[in-house]
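The values are calculated or read from the model by the stated rules, or taken from the named source; none is laboratory data. Everything numeric in this text was worked out from a predicted model, so none of it was measured. Every residue, glycine among them, receives a Cβ derived from its backbone with ideal geometry; neighbour counts consider all protein chains shown.
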Amino acid sequence: MSSEIKRLQTGEPENLTERFASRAAHMKASEIRSLFAVASRPDIVSLAGGMPNLSALPMEMMASVVQKLILENGQEALQYGSGQGHPKLREQICDVMALEGIRAHPDDVIVTTGSQQALDLISRIFIDPGDVVLVEAPSYVGALGTFSQYEAQVVHVAMDQDGLIPDALRQAITSTRAAGRHIKFLYLIPNYQNPAGVLLPADRRTEILEICRSAEIFVIEDNPYGLLGFDRPAPNAMRAEDSENVIYLGSFSKTIAPGFRVGWALVPPALKEKLVIASESSILCPSNFSQLSISSYLSDQPWRDQIASFCELYRTRRDAMLEAMEQHFPKEASWTNPEGGFYVWVTLPPEIDTKAMVPAAIVAKVAYVPGTAFYADGFGSWSMRLSYCYPSPERIRDGIKSLGGVIKKEMERRSIG
Ligand code: PMP
């Protein structure tokens, strides 16, 4: 029966699965996508999403930047551009990276549609089905989704309050290789990690770089939050110490605005051509309009001051969240103490299943992301990620109070404490 006849007869859309390529089986919505639909209801305090808070961005200034760009340089801004990205912006990106100790040449920078696209391109270039990628435990859900689509096997490496543990990395490399598996790279977020909120100290950065260099494993350093330190700057980027073995990913999503979708990769020269060709195949070229908007903004506006006001906004929210947690969470709960970025990672007694607890939280008008979303292997069921970036400090306090109540009730129900 043709699909059209079947649809007319049954009224049901055809199931296309049989017609898909086998790789489509690995394209699954992340388990937090449906949660976000609920969490965006206005009556719910969402501590779930990681959306940058744009209330500190002066929109009139942004409008004047964009208007001037179109009036004065619209022919270029609205035209196709280079696959590698606009040369002027690539120079400016080098100035931004210099703030984290990186000395780079604009030729080695590839502009991407957010750093998410860079993750996709790198995965496409490196991962054959079954290859291993080493990843922090827990890690960024968007990276896990990409690695899974390329059929990588994710091996998680333990972290503590100071990020990835070098000894755990050594062990993971040894045991993976002993099992005859091929490790393609280590992916990590050294600054204000998503989801754990922790910061990797300078000595660990050096040690991890040495381990990976001698094991001939590339390091993917994903750094969208590095300039969002609240009290002091983060240590220098890992790429500042090693230009040959580190693939560095940056983004303007958190320091300017994610709507421009401008990120970048800084890669060892031997990799550049493959990355540009892979990018051209998916997008031809990054948006000239977005790139030149960012470029004009960086040339004409006090962008460092703007980052400082973002930091202030997030610091106030972090303080509100941590104070409220001290007040309302049970003593059996523990959490990280972020020095920057957007996230706090909460660990509860192991009997608590944070995924099963979501409906109770929604009834109490608060949302969070259950810990299992950040593991490829189902671990993390008694932890959760809380984001303080978006709601107002008052709403954060209300949300934490409600969530504390939900956790305490769940502990009572299970006779914990
Ligand atoms: N990496 C990490 C760690 C992130 O948290 C995010 C977004 N939340 C990204 C990459 C992707 O960001 P973008 O594509 O907006 O640059």
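Only one of Ala265, Ala257 is crowded, with 21+ Cβ neighbours inside 10 Å, of a type in the set (A, V, I, L, M), farther than 14 Å from Ser82 by Cα and within 12 Å of the ligand (Cβ to nearest atom); which?
Result: Ala265 is the single residue among Ala265, Ala257 that is crowded, with 21+ Cβ neighbours inside 10 Å, of a type in the set (A, V, I, L, M), farther than 14 Å from Ser82 by Cα and within 12 Å of the ligand (Cβ to nearest atom).
For region 104-114, give me each residue that is surrounded by fewer than 24 Cβ atoms within 10 Å (Cβ to Cβ) and within 16 Å of the ligand (Cβ to nearest atom).
Thr113, Gly114
With the requirement that a residue be at pLDDT 95 or above and out of contact with any helix residue (DSSP H, G or I) (no Cβ under 6 Å at 6 or more places or on another chain), what does region 375-388 give you?
Answer for region 375-388, where residues must be at pLDDT 95 or above and out of contact with any helix residue (DSSP H, G or I) (no Cβ under 6 Å at 6 or more places or on another chain): Tyr375, Phe379, Trp382, Arg385, Leu386, Ser387.
Would it be correct to say that Ser392 is in contact with a strand residue (DSSP E or B) (Cβ under 7 Å, 6 or more places away or on another chain) and surrounded by fewer than 18 Cβ atoms within 10 Å (Cβ to Cβ)?
For Ser392, the condition - in contact with a strand residue (DSSP E or B) (Cβ under 7 Å, 6 or more places away or on another chain) and surrounded by fewer than 18 Cβ atoms within 10 Å (Cβ to Cβ) - is not met.
Please specify each residue of region 317-348 satisfying the condition of being polar (S, T, N, Q) and either closer than 14 Å to Ser387 by Cα or in contact with a Gly (Cβ under 6 Å, 6 or more places away or on another chain) (or both).
Thr336, Asn337
Which ones in region 245-254 are touching a Cys at 6+ places or on another chain (Cβ under 9 Å) and within 10 Å of the ligand (Cβ to nearest atom)?
Kept after step one, since they are touching a Cys at 6+ places or on another chain (Cβ under 9 Å), are these residues of region 245-254: 245-246, 254.
Correct list: Lys254 only.
When you go through Ser296, Ser281 one by one, which is the residue that is among the small types (Gly, Ala, Ser) and crowded, with 19+ Cβ neighbours inside 10 Å?
From the options Ser296, Ser281, the qualifying one is Ser296.
Picking from Gly85, Gly101, which residue would you name as being surrounded by fewer than 18 Cβ atoms within 10 Å (Cβ to Cβ), out of contact with any Asp or Glu (no Cβ under 7 Å at 6 or more places or on another chain) and in a loop (DSSP other than H, G, I, E, B)? Step through it out loud before you land on a result.
Working: Gly85 fails: surrounded by fewer than 18 Cβ atoms within 10 Å (Cβ to Cβ).
On inspection, the qualifying residue turns out to be Gly101.
Kindly provide the set of residues from region 158-205 that are part of a strand (DSSP E or B), closer than 27 Å to Glu100 by Cα and more than 16 Å from the ligand (Cβ to nearest atom), ordered by number.
Correct list: Ala158, Asp160, Lys184.
Which is under 30 Å from Pro349 (Cα atoms) and surrounded by fewer than 17 Cβ atoms within 10 Å (Cβ to Cβ), of Lys274, Lys331?
Of Lys274, Lys331, the one residue that is under 30 Å from Pro349 (Cα atoms) and surrounded by fewer than 17 Cβ atoms within 10 Å (Cβ to Cβ) is Lys331.
I want to confirm something. Restricting to region 38-60 and keeping residues that are outside any helix (DSSP H, G or I) and exposed (fewer than 11 other Cβ atoms within 10 Å of the Cβ), which single residue is farthest from the ligand (Cβ to nearest atom)? Lay out the reasoning, then the answer.
Applying the first criterion (outside any helix (DSSP H, G or I)) to region 38-60 yields 40-53, 57-58.
If we keep only those that are exposed (fewer than 11 other Cβ atoms within 10 Å of the Cβ) as well, we get 42-43.
Details: Pro42: 22, Asp43: 25 Å.
The qualifying residue farthest from the ligand (Cβ to nearest atom) is Asp43.
Restricting to region 139-153, name every residue that is within 18 Å of Arg23 (Cβ to Cβ), within 11 Å of the ligand (Cβ to nearest atom) and in a loop (DSSP other than H, G, I, E, B).
Residues satisfying the conditions do not exist here.
Is there a residue in region 322-343 that is in contact (Cβ under 8 Å) with a residue 12 or more places away in the chain, aliphatic (A, V, I, L, M) and part of a strand (DSSP E or B)?
Among the residues of region 322-343, not one is in contact (Cβ under 8 Å) with a residue 12 or more places away in the chain, aliphatic (A, V, I, L, M) and part of a strand (DSSP E or B), which makes the answer no.
State whether the residues of region 116-137 include one that is of a type outside the set (S, T, N, Q), in a loop (DSSP other than H, G, I, E, B) and crowded, with 23+ Cβ neighbours inside 10 Å.
No, because not a single residue in region 116-137 is of a type outside the set (S, T, N, Q), in a loop (DSSP other than H, G, I, E, B) and crowded, with 23+ Cβ neighbours inside 10 Å.
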